[in-house]
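**Q** So that we are looking at the same thing, I have put the structure below in structure tokens.
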Amino acid sequence: MKEMESPAEGSAHPYRSECERCFGLCCVALSYTKSADFAFTKEAGTPCSHLRPDSRCRIHADLRVSGFRGCVGYECFGAGQQVSEITYAGKDWRAHPELAAEMFRVFPIMQQLYEMLAYLWEAEQREETLPIRDGLRHARETTEALTRLSAEALALLDVPSHRAIVKEQLLQASALVRAAAAPQERSSGSRSAAASRRGSDLIGARLAGADLRGAELRGALLIAADLRGADLRGTDVLGADFRDANLCGADLADCLYLTQAQVNAAVGDAATKLPAWLNRPEHWQS
Ligand code: SF4
């Protein structure tokens, strides 16, 4: 469900969706409810009426203006091609309806595993995480091994237990990155507007020009927040909700755990700095 992107950008990330290698699984397996993000309600396992027989989206270029912003803000991290090509060895749910129900159960499980892989890979790339590099690599390799399980085994996988192990590694990496990025006065203990805001309600917050270096915005609600020109270097934004957040001129190049889906859901411009592996959405101002 990702937006059209420049092929020259973002090519270095190994965990990213490649829709042309997938059976359109996110457009069938997942449910969504009529809202500001989806124009109509769809049950899990039912193909979206906009899904073409070739597994491409009929309204791909117009998702945002057609009431499907939720599709723009979704990322499978490569789970779709793994399920389509590896787990089911190229057997499409259309040609093999006997596999469809199981495939649609397996896909969201695989998506969770690939999301973990994407975060672990990113944490591994950071020089600040050198002290825990072995743990991060072990967690990633263990997670990769799970993605190669059979469909039957995947359907029975205890994802929450594995996620707890991965979460611990990601939190350790976050602490190292944030400590290195935080301004001196904050790391020495003084209070600051950029103190930990894990899970905070920052909907519509006025944070233009804010110094958020090394802050913890994990799970924060930043819907429609004004982050123009804000400095988010070394900021943990895992799971933060950036829908309609204004990132024009903001520096997110060194942000931690920022995903393409988060970027796609936000507003930005040519001056917004992004990590090298993320693409600048087409709907952003030039
Ligand atoms: S609108 Fe397009 S991208 Fe969204 S679920 Fe339907 S087919 Fe998929």
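**Q** If one takes the longest principal axis of the Cα atoms in the chain, at what angle in degrees, from 0 to 90 and to the nearest 10, does the Cα axis of helix 97-125 lie?
**A** That works out to roughly 20 degrees.
**Q** Over the chain, with the other protein chains present, what is the accessible area per residue in square angstrom, probe 1.4 angstrom?
**A** Accessible area per residue, the chain: 45 Å².
**Q** Additional query: Take segment 111-251, drop everything but the C-alpha atoms, weight them equally and run the Debye formula without solvent; then report log10 I(q)/I(0) at 0.20, 0.21 Å⁻¹ to two decimals.
**A** -1.15, -1.21
**Q** How many Lys pairs in the chain lie less than 20 angstrom apart by Cα atoms, where the lysines are 8 or more positions apart or on different chains?
**A** Taking the chain as the scope, the lysine pair count is 4.
**Q** Could you list the trypsin sites (Lys or Arg not before Pro) in segment 63-122 that lie in coil according to DSSP, counting only those with at most 13 other Cβ atoms within 10 Å of their Cβ?
**A** Here the trypsin sites (Lys or Arg not before Pro) that fit, given the DSSP loop and packing criteria, are R94.
**Q** Let me ask something else about it. Step through the residues of segment 234-242 one at a time and calculate ³J(HN,Hα) from phi using the Karplus curve (6.51 cos²θ - 1.76 cosθ + 1.60, θ = phi - 60°), rounding each to whole Hz and writing x for Gly and Pro.
**A** x, 8, 7, 10, 4, x, 5, 9, 9
**Q** From the mean inverse distance of alpha carbon pairs (Kirkwood) and the Cα radius of gyration, derive Rg over Rh for segment 51-96. Intermediate values should be presented prior to the final figure.
**A** Numbers: Rg = 12.9 Å, Rh = 12.2 Å.
Ratio of gyration radius to Kirkwood radius for segment 51-96: 1.05.
**Q** Sticking with this structure for a sec: So if R0 is 51 Å, what FRET efficiency would R105 and A271 give, r being the distance between their Cβ atoms, rounded to the nearest 0.05?
**A** Values: r = 43 Å, r/R0 = 0.85.
With R0 = 51 Å, the Cβ-Cβ based efficiency is 0.70.
**Q** Could you sort 43-54, 266-277, 150-161, 207-218 so that the peptide with the highest average Cβ count within 10 Å comes first and the rest follow in order? Walk me through the intermediate numbers first.
**A** Working: 43-54: 13.6, 266-277: 18.3, 150-161: 12.1, 207-218: 22.2.
Output ranking for 43-54, 266-277, 150-161, 207-218: 207-218, 266-277, 43-54, 150-161.
**Q** Give the calculated FRET efficiency between R58 and Q184 to the nearest 0.05, with a Förster radius of 45 Å applied to their Cβ-Cβ distance.
**A** So, using R0 = 45 Å, E works out to roughly 0.25.
**Q** What angle, in degrees between 0 and 90 and rounded to the nearest 10, separates the Cα long axis of helix 159-181 from the longest principal axis of the Cα atoms of the chain?
**A** The helix 159-181 is inclined about 30 degrees to the chain.
**Q** In whole Hz, what ³J(HN,Hα) sequence does segment 51-59 give by Karplus (6.51, -1.76, 1.60; θ = phi - 60°), x for Gly and Pro?
**A** Using θ = phi - 60°, the values come out as 7, 7, x, 8, 6, 9, 8, 5, 10 Hz.
The values are calculated or read from the model by the stated rules, or taken from the named source; none is laboratory data. Quick caveat, the model's predicted, so the values are computed rather than measured. Cβ coordinates were reconstructed from backbone atoms using ideal geometry, including for glycine residues, and neighbour counts include every protein chain displayed. The area values use the complete protein model at the heavy-atom level, side chains included, leaving out ligands, DNA and RNA. Shrake-Rupley method; radii C 1.70, N 1.55, O 1.52, S 1.80 Å.
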